[in-house]
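The values are calculated or read from the model by the stated rules, or taken from the named source; none is laboratory data. All values derive from a computational prediction rather than experimental measurement. Quick reminder, even Gly has a Cβ in these numbers, built from the backbone with ideal geometry, and neighbours come from all protein chains shown. For the accessible areas, the whole protein counts, side chains as well, though only heavy atoms, and no ligand, DNA or RNA atoms are used. Shrake-Rupley method; radii C 1.70, N 1.55, O 1.52, S 1.80 Å.
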Amino acid sequence: MQHLISKLMVYRNIDKSSPLMKLAEIFGYREDKSFNDEKISSLILDKVYEIIELGNYHNFDSNLWTYYIAYLLATNENSFTLSAERRGEVNDTLKSFATNDFEIFIKLIHYDFSKLEKDLSINCFTLIKNYKSENKDLNNNTSQSNVSDRIKELYNEIKDEIDVNAFYKKVMAFYKKYGVGAFGLYKAFRVSLDKSENLLTPIAGTSTMTFDDLIGYEEQKKQLVQNTESFVNEAPANNVLLYGDAGTGKSSSIKSLLNMFYDKGLRMIEVYKYDYQYLPEILSKIKNRNYRFIIYLDDLSFEKNETEYKYLKAVIEGGLEVKPENVLIYATSNRMHLLHETFSDRKEVEVDDVHITDTLTEQTSLVSRFGLTLGYYNVRRQEFFDMICKIAERYKELSNVDRNELIKKATLWNMYHSDYSGRAAQQFIDDFISKME
């Protein structure tokens, strides 16, 4: 195995700590007698355990070894895979290098571990090639399940393929269809805690929210969908600010967009206020990828002495480097004017500031960077009751509850909950169901 892996070309950057690379290293230890057989067996079992954990996490079944090879092919970003993602084809030199590597991967898929197992009195490779997963309860709408399905698709294409040219075509088709690496597999990302290792980390469990789950605000949803559809179709589109009352569905609308347009190449990166300084680095990382990215800023607002908004202004519009055409900024806020401003602030400006207008413009100019602003406000009382009744239709246990009784209970409940928002309507329904016999 060590001899095979040493000949890899474009996939040579596979993580040195990965099970494949470590197993090759361990096999080398056995050949040069660095360790005795007991130690070699222990090291091998450690790496096989990692493959089992990966298989359980993704619900891989049957041949875990081949699934692991498919996982490496789907996640390794290199000059060949990135070119295949962007253009669906590569030059002849890269194709030759990749064909060389695919011959090696075919040999790895069909590698005969029987002699090794006999010599070391182990059977771990036999077992993982006939594996039965215990993780059967993955939700088909989760990102984790989505990743699993894509790896399974590649696995089914390559598991029995021994012709290198056919293998090449199948892997290329996968890259062209889905891309490569985390962006090809996951829907959403956030800034990593350990930025020295990876700037962005995938969000494994994203919301399954759709616009059907969000009642009301039809005009706002329509404009939001139209803008996003233009964006994923590579037509002109605007940065978007969703502002208004809390609990009205601003964040839910953006999450629904991700589920609606994910299959068309939309990806979302959630960035918190304290990470705005990394926005230029994030843009640099994603600008040449074959996806459309929304930078999602939830609950956007700034207090008087906070200056992070200047990072955001420069990124959206105004910096020397043009914002990539495959990136938009979508933000939510409970207020339209994003910088906290008081009448005393204006009084201070009038007293101390020579250029009053310039200062006030600086404080309010951020919102002008958003070409589309959509207001989400609490609905009227009757609309609130209509919203409750529509939500109730989704629950079987409420099918026999009279509408008038539901509204009567909602009226009493709302005496202690003062707003008429979608969130409040859902909270009432949850409370009502919890108190049913």
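Structure notes:
- Residue in region 361-377 that is modelled with pLDDT under 80, touching a helix residue (DSSP H, G or I) at 6+ places or on another chain (Cβ under 6 Å) and open to solvent by 60 Å² or more (accessible area, probe 1.4 Å) present: no
- Members of region 82-98 that are surrounded by 15 or more Cβ atoms within 10 Å (Cβ to Cβ) and touching a helix residue (DSSP H, G or I) at 6+ places or on another chain (Cβ under 6 Å): A84, E85, V90, L94, A98
- Cβ pairs under 8 Å, 6+ apart, first in region 121-143 and within 19 Å of T206 (Cα to Cα), second of a type in the set (K, R) and modelled with pLDDT of 60 or more: S143/K187
- Residues that are hydroxyl-bearing (S, T, Y) and in contact (Cβ under 8 Å) with a residue 12 or more places away in the chain do not occur anywhere in region 44-55.
- Residue match in region 27-34 (condition: at pLDDT 95 or above, open to solvent by less than 10 Å² (accessible area, probe 1.4 Å) and of a type outside the set (D, E)): no
- Among the residues making up region 100-129, those that are within 31 Å of the chain's Cα centre (by Cα) and not charged (D, E, K, R) are F102, F105, I106, L108, I109, I128.
- For the condition over 30 Å from Q426 (Cα atoms) and either in contact with a Lys or Arg (Cβ under 8 Å, 6 or more places away or on another chain) or at pLDDT 90 or above (or both), E234 qualifies.
- Those residues of region 52-64 which are open to solvent by less than 10 Å² (accessible area, probe 1.4 Å) and aliphatic (A, V, I, L, M), in sequence order: L64
- Here the helices (runs of 4 or more DSSP H) wholly within region 26-109 that include at least 3 residues being over 23 Å from E157 (Cα atoms) are 37-58.
- Filtered residues of region 152-177 (kept if over 23 Å from the mean Cα position of the chain (by Cα) and small (G, A, S)): A166
- Scope region 134-160; condition under 16 Å from I51 (Cβ atoms) and at pLDDT below 75; matching residues: E134, N135
- Extreme residue, nearest to N290 (Cα to Cα), among residues of region 70-81 that are in contact with a Gly (Cβ under 8 Å, 6 or more places away or on another chain) and open to solvent by less than 10 Å² (accessible area, probe 1.4 Å): T81
- Scan of region 110-125 for residues that are crowded, with 18+ Cβ neighbours inside 10 Å and assigned to a loop (DSSP other than H, G, I, E, B), ordered by number: F113, I122
- Within region 407-430, the set of residues being of a type outside the set (F, W, Y), open to solvent by 10 Å² or more (accessible area, probe 1.4 Å) and free of Cβ contacts under 8 Å to residues at least 40 places away in the same chain comprises I407, K408, K409, T411, L412, N414, M415, H417, S418, Q426, Q427, D430.
- Criterion (crowded, with 20+ Cβ neighbours inside 10 Å, closer than 25 Å to S114 by Cβ and of a type in the set (S, T, Y)) met by exactly one of Y49, Y67: Y67
- Breaking point among (1) open to solvent by 20 Å² or more (accessible area, probe 1.4 Å); (2) without any contact (Cβ under 8 Å) to a residue 40 or more places away in the chain; (3) over 24 Å from K152 (Cβ atoms); (4) in contact with a helix residue (DSSP H, G or I) (Cβ under 6 Å, 6 or more places away or on another chain), for L4: (2)
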